[in-house]
Each structure stands twice: as C-alpha cells, then as structure tokens.
1. Give just the number: which of (1) over 17 Å from the mean Cα position of the chain (by Cα); (2) assigned to a helix (DSSP H, G or I) does P72 not satisfy?
2. Among all residue pairs at least 6 apart or on different chains, which show Cβ distances below 8 Å where the first residue, located in segment 98-124, is free of Cβ contacts under 8 Å to residues at least 12 places away in the same chain and closer than 30 Å to D18 by Cβ and the second is crowded, with 19+ Cβ neighbours inside 10 Å and not charged (D, E, K, R)?
3. Has segment 65-76 got at least one residue that is aromatic (F, W, Y) and either in contact (Cβ under 8 Å) with a residue 24 or more places away in the chain or under 25 Å from L139 (Cα atoms) (or both)?
4. Given (1) in contact (Cβ under 8 Å) with a residue 60 or more places away in the chain; (2) over 18 Å from the mean Cα position of the chain (by Cα); (3) surrounded by 15 or more Cβ atoms within 10 Å (Cβ to Cβ), identify the lone condition not met by K42.
5. Output yes when any residue across segment 99-116 is more than 21 Å from P34 (Cα to Cα) and not β-branched (V, I, T), and no when none is.
6. Residue by residue through segment 88-142, note down the ones that are of a type in the set (V, I, T), in a helix (DSSP H, G or I) and over 15 Å from V53 (Cα atoms).
7. With respect to the numbered conditions (1) within 16 Å of I133 (Cβ to Cβ); (2) loosely packed, with under 12 Cβ neighbours inside 10 Å, which one is the sole condition not fulfilled by L6?
Amino acid sequence: TGLALLLLFRQKRPERGDLLSLVIVALGVVVGFPLLTALALKHVTTAHSIIFVGLLPLATAIFGVLRGGDRPRPAFWLFSCIGSALVAGFALTQAVTASPVGDGLMLAAIIACGLGYAEGAALSRRLGGWQVICWALVLSLP
C-alpha cells in the first residue's frame, strides 16, 4: 500500500541523506515495536503489556530532544514524568504475576517505537508525514 500511494501521488524519492533516518523509522516503528511486543506477549498478558505503552510519550519526547532538537515546555516534562512514574509504579505492583523477560521486551519495544516516532517526526519536516511512513514501509519490504 505504501509503495502504491507513493507511485500514485508521484512522490519524489528520499535523498541519500534521509536513508539512515528512514531505516531508523522502519526498524523502530515497522519492525521493532510489533516484533518486540509480539515476543513480549509470549511472557505477559495483553493487559500487562499495554501498561508499558503509557511510557511511549516520554520515550518519544526524550528521543525528540536527542535526535530532533525538540524542546518541550517544563510542564510537559513534569506531567510526562508524573504519568510515567505512575505507569512504572503500577507495573511494579504487578511484578508478582509478570515476567522480567516480557517486561524487558516491552521496554525495548517502547524504546524502539519512541526512537522511530521521533526520527519520523524530524524527517517529516522534509518529506511529509505520510510519505515518511510509506517510505519506511517500502524499506521494510522483504
């Protein structure tokens, strides 16, 4: 579908300098997050795994600062950290029934996705949002 849209709307190919960023988006969003989440679900329940998705905004913001030069306001950091602390605290209360392997895989999935989202956001300034995800899908084709 991604390739069809790019061809249908005659989108230009990414420049050589954009390829590393597109690979990061593809590895984080198209491959990493779904694969790591699927592996985690062999060890934890879906209800437990979804708790970790609450950490995604903070992970994305951190990578946005590191990779994209974004500068969220202090209120964002305050509430994002409070929310993430609540998520982490809740996850820790579930530790009796959870699997460290599943938790680790979910954390890795969130980190991969956060990096992919932030890289995609920075790249979308040059290529456009839907174009970035379409090119990431094309790069992920077998």
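1. Unmet condition: (2).
2. Correct list of pairs: S124/Q131; S124/V132.
3. First pass over segment 65-76, keeping only residues aromatic (F, W, Y): 76.
Then drop every residue that is not either in contact (Cβ under 8 Å) with a residue 24 or more places away in the chain or under 25 Å from L139 (Cα atoms) (or both), which leaves none.
There is no residue in segment 65-76 that is aromatic (F, W, Y) and either in contact (Cβ under 8 Å) with a residue 24 or more places away in the chain or under 25 Å from L139 (Cα atoms) (or both).
4. Among (1) in contact (Cβ under 8 Å) with a residue 60 or more places away in the chain; (2) over 18 Å from the mean Cα position of the chain (by Cα); (3) surrounded by 15 or more Cβ atoms within 10 Å (Cβ to Cβ), K42 violates only (3).
5. Keep residues of segment 99-116 that are more than 21 Å from P34 (Cα to Cα), which gives none.
The answer is no, given that none of the residues of segment 99-116 is more than 21 Å from P34 (Cα to Cα) and not β-branched (V, I, T).
6. Here is the first cut: in segment 88-142, the ones of a type in the set (V, I, T) are 93, 96-97, 101, 110-111, 132-133, 138.
Cutting the leftovers down to in a helix (DSSP H, G or I) gives us 93, 101, 110-111, 132-133, 138.
Result: T93, V101, V132, I133, V138.
7. Here L6 meets the rest and fails (2).
Readers should treat all values here as calculations from the given coordinates under stated rules, not as data from a laboratory. Predicted model only: the values in this text are computed from it and were never measured. For neighbour counting, all protein chains shown are included, and Cβ atoms are generated from backbone atoms with ideal geometry for every residue, glycine included.
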